[in-house]
Amino acid sequence: MDMQRQLRKLFSLCLFFVLALCPQIAAAQMPSSNNVNVSLISERETVRAGEVFHIALVQEIAPDWHTYWRNPGDVGDATRIEWTAPSGVMIGPIKWPTPSQIPYGDFVNYGYSERAIFPIEVRIPQNHALGSVELSAKVDWLECKDICIPGSSELKIIVKIGEASVPSANASEIQAALNALPSLFAGRAAISDTGNSLQIGFAGDAAKGAKSAYFYPYEISGGAFIDHAAEQSLEFGQNGFSLSLKKSPSIPKSLPAEIGGVVVIEKNGTQTALEILAPFGEFMAGVSGQKPSAAIDWRGLITASLAAFLGGLILNLMPCVFPILAMKIFGLTKIAHGNPSVARKYGIHYAIGVITTFSILGGVIYAIKASGQSIGWGFQLQDPSFLFIMAIVISALGLNLLGLFEFGGLQNLGSRFTQKPGNLGAFFSGTLAVAVASPCTAPFMGAALGFAATQSALVGMAVFVSLGIGFAFPFAALTFAPNALKFLPKPGPWMEKLKQILAIPMFLTAAWLIWVLGKISGVLGIYLAIGTISLLLLWRIARTQNRPKIIKIAAATGFIFLTIFSLLGFNLGHRAVDMKQNNANAWSEAAVQSAIGQGKTVFVNFTADWCITCKANEKLVFENPRVRRAMTKSNVVYLVADWTNRNDEITRALSSHGRLGVPLYLIYKPSASEPIVLPQILTPDAVVDGIG
């Protein structure tokens with residue numbers, strides 16, 4: 001479709017230039033213009049020598065016809081004036097009114113309809129004699145409807161030179177035109193090149209609270225800057241807003257250091273045109289993250305909510321959730337043969353804990369996006385403080401299963417389910433289950449969370465709640481099925497042995513969390529986590545074996561000190577990473593475009609060390625000999641976008657493909673305009689077929 005669109009544009013452009021820009025052919029085949037009447041007016045009847053004043057070119061345009069702005073857009077030609085004036089009289093350039101978008105087929109042009117007034121500044125020399133000056137203008141324009149006709153006219157205006165300045169009958173009209181011109185943007189604007197698109201950010205008071213915006217770029221030499229017919233995607237942040245602009249196919253390789261233009265901003269039902277000059281640089285903070293409010297896409301919301309529910313169901317089968325099975329098994333065993341109403345309460349509180357935690361995660365994501373920062377699913381696993389705390393909690397739970405700790409509040413072990421702590425334990429079991437499950441992404445989740453990322457917070461939260469309901473449903477449903485619960489064995493000595501076996505996945509999970517912590521914060525993070533857990537274990541052993549009080553105090557003090565020191569150190573030392581790393585296969589938009597330009601197929605793996613789904617795919621699929629042979633045979637360029645640490649560039653790339661987190665697998669082919677998106681749970685066949 002994109003190729004067909006470009007071909008239609010090329011054909012239309014050829015026809016346009018043949019008919020419109022070759023006056024001899026146009027004159028031979030088209031009638032002279034009766035669609036645009038032009039005239040010159042002055043804001044002064046009489047001016048003083050040395051005075052600066054304005055005249056104006058007026059275009060009276062017939063219905064359904066239009067003329068063009070300084071940058072006409074996809075096709076067209078701007079109005080031009082050649083002046084003849086007495087020596088010493090200075091005539092400035094056209095002061096262009098704010099244009100309008102003029103769609104035509106696959107084109108979008110910029111121009112004017114009905115009546116357009118173009119102010120022009122004139123300066124009379126200080127030593128000019130009394131009398132009058134005659135200003136002559138040769139005006140050329142292009143007027144278009146279904147056809148385009150070149151227009152031309154020679155105009156004159158005479159202005160008297162006297163002792164005093166006298167306004168003319170047209171003074172108020174010219175002043176109104178001057179007042180309507182775009183004013184200078186008082187904030188800050190910058191453009192960043194993200195590969196296929198350009199992000200232009202606007203920060204400042206004038207940019208805050210904008211409801212809509214459109215950017216009209218000034219013309220540049222050597223080609224077009226943007227695809228004028230493409231949508232300009234708008235996002236908001238706490239400091240202003242940003243627009244995502246699609247590059248023009250004819251964008252020149254060498255661009256000016258700054259791009260000028262006019263941005264039209266709508267706030268409180270009023271449109272304001274502002275002139276900007278935006279240099280190229282890094283993407284601005286605080287100008288993105290929140291999409292404009294729009295009518296609710298009910299069909300999309302229902303589909304995404306259903307996908308989130310199914311994704312939540314399947315998430316219970318993902319490897320991330322295995323460590324938490326111990327809590328679920330013991331919880332069910334305790335209530336299986338008791339009062340059914342107690343079982344139902346347990347299931348309800350567990351579900352509330354799950355849904356509340358998913359809602360909190362969603363709320364944090366939308367709050368951070370509203371502040372203008374980039375964020376995605378699994379963001380908490382990019383925080384070394386969260387990894388540190390989770391490693392300690394999971395280790396403590398493993399020690400609990402070995403009998404060294406008792407957590408009535410967390411697991412409900414050793415407490416009566418008819419009492420309040422039992423319900424509280426069920427709630428926190430749900431909370432911890434979500435925290436442990438977050439490194440995994442189940443089928444259907446990616447599309448559902450991608451939809452949520454493009455919606456308002458209210459709509460998106462419905463998707464997170466659906467995800468929570470799906471995740472909690474199997475366990476909660478069992479607590480409402482007394483007959484099914486009776487198949488579970490009664491509590492007995494066998495539970496102690498099972499507890500010791502189930503402690504193994506807990507410790508493996510803690511070790512994995514410490515490994516990821518080391519990837520993010522360095523080897524010091526590993527030492528701090530192991531040291532803190534060791535002090536916790538020492539304190540517990542000292543308590544249970546009646547060791548000297550000084551040992552208990554020292555262990556407890558060391559544990560508290562090391563925990564505080566570690567958390568403070570992580571918060572002060574952790575920073576988002578830059579993609580410009582010394583990795584030959586590190587992803588960037590430039591690397592993708594460079595490989596495609598060489599006619600190569602590109603495979604991009606958006607991954608993270610804490611993403612268990614990603615690691616499973618890499619082990620089972622990417623190391624598969626058949627997949628490796630297929631990549632080698634097709635000379636595939638393999639790029640890795642590592643999202644282990646927070647990286648705004650990767651987050652924006654994920655968002656541009658409708659995803660809120662990893663994994664994401666893209667295959668770019670030189671012959672295709674859009675990449676192939678592979679499923680999140682990969683198979684060797686899916687990769688080989690995608691490459692082939």
**Request:** Could you list 284, 461, 90 in order of exposure, starting from the residue whose Cβ has the fewest other Cβ atoms within 10 Å?
**Result:** 90, 461, 284
**Calculated FRET efficiency for the pair residue 526/residue 504, C-beta based, R₀ 25 Å, to 0.05** = 0.75
**Prompt:** Net charge near residue 246, counting Lys/Arg +1 and Asp/Glu -1 over other residues with Cβ under 9 Å of its Cβ?
**Reply:** -1
**Request:** Report, as a whole number in µm² per second, the diffusion coefficient that Stokes-Einstein gives for segment 244-292 at 20 °C and 1.002 mPa s using the Kirkwood radius over alpha carbon pairs.
**Result:** 157
**Complete:** Taking only the alpha-carbon atoms of segment 184-279, the convex hull volume per residue, in cubic angstrom, is 91
**Prompt:** So, by mean Cβ neighbours within 10 angstrom, what's the order for 540-548, 310-318 with the highest one leading?
**Reply:** 310-318, 540-548
**Complete:** Counted neighbours (other Cβ, 10 Å), sorted fewest up, put 247, 253, 138 in the order 253, 138, 247
**Prompt:** Averaged over all directions, how much area does the convex hull of the C-alpha atoms of segment 589-691 cover when projected, in nm²?
**Reply:** 6.1
**Request:** Can you pull the one-decimal nm distance between simple spin-label points at residue 545 and residue 154, each 7 Å off the Cα toward Cβ?
**Result:** 11.0
**Complete:** Square roots of five times the C-alpha gyration tensor eigenvalues of segment 90-237, ordered largest first and given in whole Å, equal 37, 22, 15
**Item:** Prolate/oblate/rounded call for segment 489-561, Cα gyration tensor, a/c under 1.5 rounded
**Value:** oblate
**Relative contact order %, segment 59-211, counting alpha carbon pairs below 8 Å whose residues are six or more apart** = 22
**Kirkwood hydrodynamic radius over Cα pairs of segment 32-172, then Stokes diffusion coefficient at 4 °C and 1.567 mPa s, in µm²/s** = 81
**Asked** If one computes the Cα centroid of segment 538-560 and of segment 600-621, what distance in Å separates the two points?
**Response** 44
**Complete:** Taking a crude spin-label model, label points 7 Å out from Cα along the C-beta direction, the residue 257 to residue 674 distance in nm is 3.9
**Request:** Kindly provide the pair-distance distribution of segment 429-470 built from C-alpha pairs, with 10 Å bins from 0 and whole-percent values in order of increasing distance.
**Result:** 26, 54, 20, 0
**Request:** May I ask you to derive the FRET efficiency for residue 266 and residue 39 from their Cβ-Cβ distance with R0 = 41 Å, giving the value to the nearest 0.05?
**Result:** 0.80
**Item:** Rounded to 5, the percent of DSSP beta bridges in segment 589-691 classed as antiparallel
**Value:** 55
**Request:** Report the label-to-label distance for residue 51 and residue 130 in nanometres (one decimal), using points 7 Å from each Cα along the Cα→Cβ vector.
**Result:** 1.4
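Values in this text are rule-based calculations from the coordinates and carry no lab data. As the structure is a prediction and not an experimental result, all values here were calculated from the model. Cβ coordinates were reconstructed from backbone atoms using ideal geometry, including for glycine residues, and neighbour counts include every protein chain displayed.
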